[in-house]
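I have placed the structure first, in the form of structure tokens, so that the comments after it can refer back to it.
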Amino acid sequence: MAIGIRRREFIGTFGGAAAVWPLAARTQQALPVVGFLHPGFSEDNVSLLAAFREGLAETGYDEGRSVAIEYRWSQNHIDRLPALAAELVQRRVAVIAAVGGTLPALAAKAATTTIPIVFDVGEDPVKLGLVASLARPGGNLTGINFLTVELAAKRLELIRELVPTATRVAVLVNTVSTASTETQLRDLEAAARPMGLQVQVVSANTSHEIDAAFASFSRELPNALFVGTGTFFRSRRMQLVLLATRYAVPAMYSLRDFVEIGGLISYGANLTDAYRQVGVYSGRIIKGAKPLDLPVEQASKFQLVINLQAARVLGLDTPAKLLALADEVIE
């Protein structure tokens, strides 16, 4: 008899749990889902992901409570982006945040013409064919343009200020994104000519190729190094900063991330704020806004960051004029 009671209790308990589980599942499924597409690694983008979530929270969406996020990281395998974008489309997410540069945005655009897409790109999104115009994007895309590529000439001017005797600058580029590389080199070469600077282009698409690029400098050391833009170089920032220090070559970067870990100098938009704004736009779209009514935001504030310790290691005297211009000086 006791066994029968225990069996009924077990069945009752199991039945109660079964009633709760579908309810929890239904609650989870009821949440709007944001697709997050990125070409890098999650561990390299912790602070940027936090900024994206912060932007969502500003519009009333907290992950796990009022919104779910489906993450797709290509882990520097750019060829996987189209398939990952297709997965998010099949998942029928409410919006796709295609971040980390031009390639995720293009992959998402190719995957759907109906699901809203919010991008962040360093190039002109009109020239890329992502939107019809900045003010009226049209279609299903909008986002943030942080003008990384367009600032190439300004970065060259700044590194020349820091190394006034420079006559030859090596430019390290990642050729996976052909369009941005070509734009960047065109602007750099145009800026270099009136300065009397010779530009030496070196490409690196893997960690091994970065090592090989710096090894080539030992045969003919450039006066300065210009590190190109892109998610791949950002994911290898520790390697790049350590090699620049080992080979004693003054290097200019596009993001503060490099300088805070020992890089010499950077100039560019606030990437953290760009990710936050992508989160804000994603939240607004979930609430019912249409991409064509959300103008593409352009970065208006750029940060010049200088690491004085790195300058001292390289034997550089940082001009007072440059220090006065700096938004942040790391001692």
Would you mind pulling out the separation of the Cα centroids of region 125-180 and region 278-304, in Å? 19
Nearest-ten-degree value, helix 178-195 long axis tilted from longest Cα axis of the chain: 30
Cα convex hull volume per residue for region 258-331, in Å³, equals 89
Using a basic spin-label model with each label point 7 Å from the Cα along Cα→Cβ, how many nm lie between Val313 and Gln200? 2.1
Compute the long axis of helix 152-162 from its Cα atoms, compare it with the longest principal axis of the Cα atoms of the chain, and write down the angle in degrees, 0 to 90, nearest 10. 50
Quick check: Cα centre of region 84-104 to Cα centre of region 184-242, how many Å? 31
Suppose every K and R has +1 on its Cβ and every D and E has -1 on its Cβ; what is the size of the dipole of the chain about the Cα centre, in Debye to the nearest 20? 880
Ordered by residue, what ³J(HN,Hα) values in Hz, to whole numbers, does region 54-69 give under the Karplus form 6.51 cos²θ - 1.76 cosθ + 1.60, where θ = phi - 60° and Gly and Pro are x? 4, x, 4, 4, 4, 9, x, 10, 10, 4, x, 10, 10, 8, 10, 10
About the Cα centre, and with charges only on the beta carbon of Lys, Arg (+1) and Asp, Glu (-1), how big is the dipole of region 39-106? Nearest 20 debye, please. 240
Just name one of Ala289, Ile261, Leu243: the one whose Cα is farthest towards the positive end of the charge dipole of the chain (beta-carbon charges, Lys/Arg +1, Asp/Glu -1). Ala289
Principal-axis tilt of helix 207-217 within the chain, Cα atoms, nearest 10 degrees: 10
Per DSSP H run of at least 4 residues, take -39500 (n - 2.57); add these up for the chain, divide by its residues and hand me the 222 nm value, nearest 500 deg cm²/dmol. -14000 deg cm²/dmol
Which labelled figure in [x] 94, 50, 36; [y] 106, 42, 36; [z] 81, 42, 41 is Cα extents along the principal axes in Å, once derived from the coordinates: [x]
Pop out the ³J(HN,Hα) list for region 286-299 in order, Karplus 6.51 cos²θ - 1.76 cosθ + 1.60 with θ = phi - 60°, rounded to Hz; leave Gly and Pro as x. 4, 6, x, 5, 9, x, 5, 9, 10, x, 5, 7, 10, 4
For the chain, whose charge dipole is built from +1 on Lys and Arg Cβ atoms and -1 on Asp and Glu Cβ atoms, the candidate among Ala97, Val176, Leu225 with its Cα farthest towards the positive end is Ala97
Violations at 26 Å Cα threshold for listed pairs Lys109/Lys301; Lys109/Lys154; Lys127/Lys287; Lys109/Lys287 -> Lys109/Lys301; Lys109/Lys154; Lys127/Lys287
Per residue of region 37-44, what does 6.51 cos²θ - 1.76 cosθ + 1.60 with θ = phi - 60° give for ³J(HN,Hα)? Whole Hz please, x for Gly and Pro, Karplus curve as stated. 10, 9, x, x, 10, 4, 5, 8
Can you find, among Asn307, Ala86, Ala324, the residue farthest towards the positive end of the dipole of the chain? Put +1 on the C-beta of Lys and Arg, -1 on that of Asp and Glu. Ala86
Cα extents of region 136-271 along the three principal axes, largest first (Å): 51, 33, 26
Please get the size of the charge dipole for region 210-298, origin at its Cα centre, with Cβ charges of +1 on Lys and Arg and -1 on Asp and Glu, quoted in debye to the nearest 20. 220
In terms of modelled amide H atoms, which long-range or inter-chain residues lie less than 5 Å from the amide H of Thr175? Ala204
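A short reminder: the numbers here are calculations on the coordinates, not readings from a lab. Source: prediction; values computed, not measured. We place every Cβ from the backbone using ideal geometry, glycine too, and count neighbours over all the protein chains shown.
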